[in-house]
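The structure under discussion appears below in the form of structure tokens.
The values are calculated or read from the model by the stated rules, or taken from the named source; none is laboratory data. Predicted, not measured: the structure shown is a model, and the values here were computed from it. Positions of Cβ are backbone-derived with ideal geometry, glycine not excepted, and every protein chain shown enters the neighbour counts. Just so you know, the surface numbers come from the protein's heavy atoms only, side chains and all, with ligands and any DNA or RNA stripped out. Shrake-Rupley method; radii C 1.70, N 1.55, O 1.52, S 1.80 Å.
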Amino acid sequence: MRARYGVPLGIAAVGAAGIAYAAGFEVRSFRLRRVTVPVLPPGMRPLRVLQVSDIHMVSGQRKKQRWLQSLAGLRPDFVINTGDNLSDPEGVPETLDALGPLMEFPGAYVFGSNDYYGPKLRNPARYLLERASGRHGLNGNAPVVGAIHNPWEELRDGFDTAGWVNLTNTRGALKVAGYDIALTGLDDPHIKRDRYAEVTGGPREDADFSMAVVHAPYLRVLDAFAADRYPLILAGHTHGGQLCIPFYGALVTNCDIDPERVKGLSTHKAGGHRSYLHVSAGCGTNRYTPVRFACPPEATLLTLVPRD
């Protein structure tokens with residue numbers, strides 16, 4: 001009996017332990033990652049940018065709220081929110097409360113699909129099928145039917161009231177430490193709301209520094225930003241793969257970017273130009289898949305320094 005069933009039972013025990021770790025510990029094991037990016041013009045002093053992404057707030061997530069509030073202690077020069085703040089139609093007040101201390105700093109934001117629409121229960125294997133077929137979100141798939149609409153207008157109004165700049169298919173600017181920081185943003189490419197024609201033209205020549213912001217790092221968007229010579233692009237959406245294999249990495253990205261660049265700092269080349277790309281793994285999950293493995297939730301403090 002032992003010889004026959006010992007190995008399957010052992011595998012089952014290891015699997016159960018892995019699920020318990022992913023759902024009970026790692027998904028709440030919030031981290032701050034620090035990255036240095038050489039993108040500023042010579043002579044500028046370093047700037048510290050806090051990127052928060054994919055919060056996916058569900059009402060009652062107190063630990064996540066306290067952790068987000070604590071990030072204000074970093075005293076960043078400015079904050080960039082790359083979307084997917086919600087995973088609960090009732091989560092707007094708690095999201096604004098969690099981000100309240102950060103909204104004391106200059107900031108800007110874009111939205112993701114989960115800010116507009118509530119999540120739906122789906123088979124996780126569909127992400128593997130979408131990767132194999134090259135279809136993600138509304139990019140090649142049928143339109144969503146019966147979607148739950150989140151109160152994104154309330155979230156937008158809260159950010160706007162605090163002075164954060166709305167970068168939905170538009171340009172904006174921040175005054176930071178005496179510098180004029182120009183920002184170009186797009187609405188979420190995952191649900192085909194991006195309108196690059198409305199922001200084309202490249203960085204502002206009279207700004208001290210320009211950067212690009214988008215929720216989902218689809219290649220068509222990265223190509224456009226890089227070809228227009230933006231030195232830095234910030235994105236989120238991927239959750240870093242969310243369920244990763246140790247020493248291997250992510251299996252899926254939920255968009256058409258390659259798994260090697262699913263999170264962290266990399267580069268993207270298009271039109272003969274190269275941009276730095278930072279993809280945040282985010283600090284939350286869809287409420288129906290509250291697990292992370294080998295991919296802890298995070299925010300990132302990027303220190304921008306002069307390029308060589």
Residue-wise, which Karplus ³J(HN,Hα) couplings in Hz belong to region 256-273, taking 6.51 cos²θ - 1.76 cosθ + 1.60, θ = phi - 60°, and x for glycine or proline? 9, 6, 6, x, 5, 10, 5, 7, x, 9, 8, 10, 9, 10, 6, x, x, 10
Write down Rg/Rh for region 15-155, rounded to two decimals, with Rg from the C-alpha atoms and Rh from the Kirkwood relation over Cα pairs. 1.01
Residues of region 139-178: accessible area per residue with a 1.4 Å probe, Å²: 54 Å²
Non-local amide H neighbours of residue 40 (under 5 Å, H modeled in plane, Pro and chain starts lacking H): which ones? 305, 307
Could you state, as a whole-number percent, how many of the C-alpha pairs of region 159-235 are farther apart than 16 Å? 47 percent
Check which residues have an amide H placed less than 5 Å from residue 173's amide H, if you skip close sequence neighbours. 183
Rounded to the nearest 500 deg cm²/dmol, what is the calculated helix-only ellipticity per residue at 222 nm for the chain, with -39500 (n - 2.57) per DSSP H run of length n ≥ 4? -7000 deg cm²/dmol
Out of the trypsin sites (Lys or Arg not before Pro) in region 93-202, which ones are loop residues according to DSSP with at most 12 other C-beta atoms within 10 Å? 120, 122
Spacing of the two label points (7 Å from each Cα toward its C-beta) at residue 305 and residue 123, in nm: 4.9 nm
Heavy-atom accessible surface of the chain: percent carbon and sulfur, 1.4 Å: 56 percent
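Which FRET efficiency value, to the nearest 0.05, do you get for residue 267 and residue 148 by plugging their Cβ-Cβ distance into 1/(1 + (r/R0)^6) with R0 = 45 Å?
It comes out at approximately 0.75.
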Spin-label model distance (nm) - residue 75 vs residue 35, 7 Å beyond Cα toward Cβ: 2.5 nm
How large is the accessible surface of residue 244 in square angstrom, using a 1.4 angstrom probe and rounding to the nearest 10? 10 Å²
Counting lysine pairs in the chain that sit 8 or more positions apart or on different chains, with Cα atoms under 30 Å apart, gives 12
Taking a probe of 1.4 Å and leaving out DNA, RNA and ligands, region 201-308 shows per residue an accessible area in Å² of 38 Å²
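Select from region 44-127 those GluC sites (Glu not before Pro) which occupy a DSSP coil region and have at most 15 other Cβ atoms within 10 Å, ordered by residue number. Don't jump to the answer; show the numbers that get you there.
Working: sites: 90, 94, 104; in loops: 90.
Sparse-neighbourhood loop GluC sites (Glu not before Pro): 90.
What does the convex hull of the alpha-carbon atoms of region 21-61 project to on average, in nm²?
Numbers: hull surface 18.1 nm².
So the mean shadow area of the Cα hull is 4.5 nm².
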Principal axis dimensions, region 141-286 - Cα atoms, whole angstrom, descending: 44, 39, 30
For the chain, what log10 I(q)/I(0) values come out of the Debye formula at q = 0.10, 0.14 1/Å, with one point per alpha carbon and no solvent? -0.53, -1.04
Placing each pseudo-label 7 Å from Cα in the direction of the beta carbon, residue 160 and residue 205 end up separated by a distance in nanometres of 3.2 nm
Approximate shape of region 220-291 as ellipsoid semi-axes (Cα gyration tensor, √5λ), whole Å, largest first: 25, 12, 10
